[in-house]
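What follows is a single structure, written as structure tokens, with notes after it.
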Amino acid sequence: MEQFAHVTKINNHCIVRWVGTEMAFAGGAADDGMVTCTHPDVPYLQFISLDVQLENGLVYRML
């Protein structure tokens, strides 16, 4: 898997928290309740939003 540099600042403000919201991308049958959240070929496929919180309290949604 390709590696990227860590992002720790946006516009000279320190990032204090990353929050990702995920949702299953494939649902199972109603009787077994199994859902699929990952696929080995697509890392983080299930993310529907990614937020960053800055040291000044502002939150930015990335996705």
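The values are calculated or read from the model by the stated rules, or taken from the named source; none is laboratory data. For clarity, every value in this text was computed on a predicted model and none was experimentally measured.
What to note about this one:
- Among the numbered conditions (1) among the aromatic types (Phe, Trp, Tyr); (2) at pLDDT below 85; (3) outside any loop (DSSP other than H, G, I, E, B), the only one that Tyr44 does not meet is (3).
- Scanning the stretch 1-40 for residues that are modelled with pLDDT of 70 or more and more than 20 Å from Leu63 (Cα to Cα) turns up Asn12, Met34, Val35, Thr36, Pro40.
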